[in-house]
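The block underneath contains the structure these notes are about, expressed in structure tokens.
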């Protein structure tokens, strides 16, 4: 894959993932505003597969040591993908290490994870440190959140491009579809109190 093709693939995947984040969302305004970890893991897998499919690629889940590998019609690896519920600053977070280990075999890597607002700088610092010296780019999706009554309250889905330990924010959107201004998901039932 040429550098130009790689950059186009990164842009396409970033755009499609962000768009599909709202599709078939596992929670809904008023009815169920908090999802379980398994629901988010499944949702991310669906977003990955759908995005790759629309790009004309295949998604191979649990291939090797990563959560997914996107491959073209000839079987060539396009991207390794990892997603994790734990935040990057935590010691048990090893997804960056796995992606880094196999980064030379793919044009780019993708990480989807979560960042609590009061740990955000620690999370970004860990990602910078782990990706420093890599010759391949990392497409990073961070779901920003706060804790409310012990549950994660999502704020924004941020998309970053990380190259050689330097991150650049390339997109930010509300993580909850009903908070996306002007989008159809923000239309709330007139009688929301009657739903409960």
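The values are calculated or read from the model by the stated rules, or taken from the named source; none is laboratory data. The model shown is predicted, which means the values in this text are computed figures rather than measured ones. Backbone-built Cβ (ideal geometry, glycine too); neighbour counts: all protein chains shown.
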Kindly indicate whether residue 106 is in contact (Cβ under 8 Å) with a residue 40 or more places away in the chain, touching a strand residue (DSSP E or B) at 6+ places or on another chain (Cβ under 6 Å) and closer than 25 Å to residue 58 by Cα.
-> no
For residue 18, work out the one condition from (1) at pLDDT 95 or above; (2) farther than 21 Å from residue 144 by Cβ; (3) in contact with a strand residue (DSSP E or B) (Cβ under 9 Å, 6 or more places away or on another chain) it doesn't fulfil.
-> (2)
State whether the residues of segment 58-68 include one that is closer than 28 Å to residue 149 by Cα, touching a helix residue (DSSP H, G or I) at 6+ places or on another chain (Cβ under 7 Å) and modelled with pLDDT of 95 or more.
-> no
Where residues in segment 64-81 are in a loop (DSSP other than H, G, I, E, B) and closer than 17 Å to residue 94 by Cα, which of them is farthest from the chain's Cα centre (by Cα)?
-> 64
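Against the condition at pLDDT below 95, touching a helix residue (DSSP H, G or I) at 6+ places or on another chain (Cβ under 6 Å) and either within 29 Å of residue 64 (Cα to Cα) or loosely packed, with under 14 Cβ neighbours inside 10 Å (or both), how does residue 136 come out, does it pass?
The answer is yes for residue 136.
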In segment 70-95, how many are surrounded by 14 or more Cβ atoms within 10 Å (Cβ to Cβ) and in contact (Cβ under 8 Å) with a residue 60 or more places away in the chain?
-> 2
Taking residue 24 as the residue in question, decide whether it is in contact (Cβ under 8 Å) with a residue 12 or more places away in the chain, farther than 22 Å from residue 126 by Cα and either part of a helix (DSSP H, G or I) or within 16 Å of the chain's Cα centre (by Cα) (or both).
-> yes
Selected residue [within 17 Å of residue 83 (Cβ to Cβ), crowded, with 18+ Cβ neighbours inside 10 Å, within 18 Å of the chain's Cα centre (by Cα) and without any contact (Cβ under 8 Å) to a residue 24 or more places away in the chain] from 145, 154, 141 = 154
Residue within segment 22-44 that is at pLDDT below 95, touching a helix residue (DSSP H, G or I) at 6+ places or on another chain (Cβ under 7 Å) and within 19 Å of residue 171 (Cα to Cα) present | yes
Selection from segment 96-122 of residues part of a helix (DSSP H, G or I) and buried (at least 22 other Cβ atoms within 10 Å of the Cβ) yields 96, 99
